[in-house]
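Report on the structure given below.
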Amino acid sequence: MRYDVQKEPIDPRELEAAVTYPGAGAICTFSGIVRDSSRGQTVTHLDYEAYAEMAVPQMRKIGQEIKDRWPEARVAMAHRTGHLEIGEVSVVVSVSCPHRAEAFEACRWGIDRLKESVPIWKKEHAADGTYWIEGDQAKPVA
Amino acid sequence: MAVAIAVRVRFFARLRELAGAEIEALQVPPGSSLADVYDALRAKHTTLPARESVRAALNQEFADWNATVAGGDEVAFIPPVSGGRG
């Protein structure tokens, strides 16, 4: 189990190495990547801000939710903070399980829960201005 | 009996920019709830959004608005997280 909020680039292979165990026949890794467009606008870069002291325990809680549902799963999660360029990895969730079906399901559970309950925010720098992304809303920076 | 207790308030993302501060020390009457703390801050920082669009955290855990704060607590007001389809 490994949960990180970090300024440094994330290497998804390192998270996979952290969840590997001899009985794991499947590792499912989700990588979120900074995209060059949003809301029909060109995006130049992003800034992520975290409440790190709360974000890491929230990730740990999601890891426990996964263990409760898929007891053989092992989980690793990492999220970047700070300035990110297009194409960079912003978030990674890696889950190992004996078989692929539960690895896919548990990984999906992990990233969906992370997106709704881990206090990390995205500031989007786009062609038409700068916005805080709050759920499905984009709020212009005052 | 204490006439006021001190809490440490942390703001993040858009709320941090609207409040113009990352951390604020606030004195509130004993027995105050998280909702009372937020209302007191909104009276001071009038651009802070309505409570309905914000979640509260007490000592780094999500908490109900009616939870009571104690001296030395860390309170945070949290805008909706990134979420979305990304």
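Bear in mind that the values in this text are calculations on the coordinates, not laboratory data. Every value quoted in this text rests on a predicted model; they were computed, and no experiment measured them. Backbone-built Cβ (ideal geometry, glycine too); neighbour counts: all protein chains shown.
As an exercise, take the mean of 1/r over every pair of distinct alpha carbons in the stretch B:5-78, invert it, and state the Kirkwood radius in angstroms. Mind showing how you got there, number by number?
Working: mean 1/r = 0.0839 Å⁻¹.
Final number for the Kirkwood radius of the stretch B:5-78 is 11.9 Å.
Quick query: amide H of A:Tyr3 versus all other amide H atoms, modeled in the peptide plane; which residues come in under 5 Å with a sequence gap of 5 or more or a different chain?
Answer set, sorted by chain and number: A:Met77.
Send over the semi-axes of the stretch A:1-74's equivalent ellipsoid, whole angstrom and largest first, taken as the square roots of 5 times the C-alpha gyration tensor eigenvalues. Please report the intermediate quantities before stating the final value.
On the way: eigenvalues 153, 53, 32 Å².
Those come to 28, 16, 13 Å.
Could you work out the mean count of beta carbons from other protein chains within 10 Å of each residue's beta carbon in B:9-18? Working shown, then result.
Working: counts 0, 3, 1, 7, 14, 11, 3, 3, 4, 3.
So the per-residue partner count for this stretch is 5.
Which residues' amide hydrogens lie under 5 Å from the amide hydrogen of A:Ile10, considering only partners 5 or more residues apart or on another chain, with H built in the peptide plane?
When sequence neighbours closer than 5 places are left aside, the close amide H contacts are A:Val89.
Mind telling me which of A:Pro71, A:Pro22, A:Pro119 comes out most flexible in a GNM of chain A, alpha-carbon contacts under 10 Å?
Result for chain A, Cα springs under 10 Å: A:Pro22 fluctuates most.
Residue by residue through the stretch A:49-59, which ³J(HN,Hα) values in whole Hz follow from phi under the Karplus form 6.51 cos²θ - 1.76 cosθ + 1.60 (θ = phi - 60°), with glycine and proline marked x?
Using θ = phi - 60°, the values come out as 10, 10, 8, 4, 5, 9, 5, 5, x, 5, 4 Hz.
In 10 Å bins starting at zero, report the fraction of Cα pairs in chain A per bin as a rounded %.
The distribution over chain A is 12, 41, 31, 14, 2, 0, given as percents.
Which one of B:Ala35, B:Ala43, B:Ala63 has the biggest mean-square fluctuation once chain B is modelled by GNM with Cα springs under 10 Å?
B:Ala43
Can you give me the long-range amide H partners of A:His45? Hydrogens built in the peptide plane at 1.01 Å from N, cutoff under 5 Å, separation of 5 or more residues or another chain.
For A:His45, whose amide H was placed from the backbone, the distant partners under 5 Å are A:His125.
How many angstrom lie between the C-alpha centres of the stretch B:45-65 and the stretch A:38-74?
20 Å
Residues with beta-carbon under 13 Å from that of A:Val75, excluding A:Val75: net charge, scoring Lys, Arg +1 and Asp, Glu -1?
Numbers: positive: A:Arg2, A:Arg60, A:Lys61, A:Lys67, A:Arg69, A:Arg74, A:Arg108, A:Arg113; negative: A:Asp4, A:Glu16, A:Glu65, A:Asp68, A:Glu72, A:Glu102, A:Glu105.
That works out to +1.
For B:Ser33, A:Ser94, which order do you get if you count the other beta carbons within 10 Å of each Cβ and list the fewest first? Display every interim value, and only then the final one.
Numbers: B:Ser33 17, A:Ser94 27.
So the ranking, lowest neighbour count to highest, is B:Ser33, A:Ser94.
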